[in-house]
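Data first, discussion second: the structure below is written as structure tokens.
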Amino acid sequence: MPRLLALLAALLLAVPAHAVGFRQAEVPDPEDRPIEVGIWYPSDAPASPRALWPYTQQVAQDAPLRGERLPVVVISHGTGGSFAGHWDTAHALAAAGFVAIGLTHTGDNMRDQAYAGTVRGFGERTRQVKRVLDWLLAEWPEHGRLDPSRLGAFGYSAGGFTVLAAAGGAPDFSRARLHCMTQPADVSCRLARPRGRDAGRHGGGAPHPRRGGGRAGARLGLRRPRPRGALRAGATLARRGG
């Protein structure tokens, strides 16, 4: 982890800062509702203060993109967040020459937590990252100016789990369940308690082994394109689950 942080810091410091452009979009999702995204990117256009509730950022709204063969970083927020939650990280990446795209996870965001902490939610988060990357690299109007061989991912808390799985990690939910049996007050365990018909069928707070326990990497991991590097911050079940 310290080496990854040092590498990211070195990348940001090694590249001269550019003005930052910003766009919002909705990514069609055939399996659910459209996914709301924010995209930060290098631009030569003048920036001005723009509201991004509840923040204010200095960006060139909907400005032309600057550069070719640009590397990409996808950003996954924690439970109950939104794509705007890590605008400062995305802004710094764009100023250093990256295209950063943050998504608001359907079913696990500040307005809707129907999937939060459920087995479906863990799988959906990773699937949504794949859908957003597919859209960015093939359907975004500027996709021809991106470098699909240079993909990275950043995630916080539940987003840390998401980007590790997206990069090919194999989550072991059985280990999280053992942890939650002895530490039921842990915030990760409270979020992952069974709901609805699953409530009361098993203890421990983590997913039932028949409903997503064990090594689920084959189900949660991405096919190509897959991020070649992932940086997690404050990961909860990502840390507990190995």
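The table for this structure:
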item: Qualifying residue in the stretch 95-103 (condition: buried (at least 21 other Cβ atoms within 10 Å of the Cβ), within 15 Å of the chain's Cα centre (by Cα) and under 29 Å from D186 (Cα atoms)); result: yes
item: Among residues of the stretch 161-179, those that are closer than 16 Å to E124 by Cβ, part of a helix (DSSP H, G or I) and either not assigned by TED's automatic domain parsing to the domain that holds S76 or not aliphatic (A, V, I, L, M) (or both), counted; result: 3
item: Single residue of the stretch 115-138 satisfying the filter (assigned to a helix (DSSP H, G or I) and among the aromatic types (F, W, Y)) that is farthest from the chain's Cα centre (by Cα); result: W135
item: Residue within the stretch 136-144 that is modelled with pLDDT under 95, surrounded by fewer than 20 Cβ atoms within 10 Å (Cβ to Cβ) and not small (G, A, S) present; result: no
item: Of residues in the stretch 30-69 being acidic (D, E) and in contact with a Ser or Thr (Cβ under 8 Å, 6 or more places away or on another chain), the one farthest from R145 (Cα to Cα); result: D32
item: Neighbours by Cβ (under 8 Å, 6+ apart or cross-chain): first from the stretch 40-59, closer than 13 Å to D88 by Cα; second surrounded by fewer than 16 Cβ atoms within 10 Å (Cβ to Cβ) and among the basic types (K, R); result: T56/R50; Q57/R50; Q58/R50; V59/R50
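The values are calculated or read from the model by the stated rules, or taken from the named source; none is laboratory data. As the structure is a computational prediction, the values presented were derived from the model and not from experiment. Ideal geometry is used to build each Cβ from the backbone, glycine not excepted, and the neighbour counts take in all protein chains shown.
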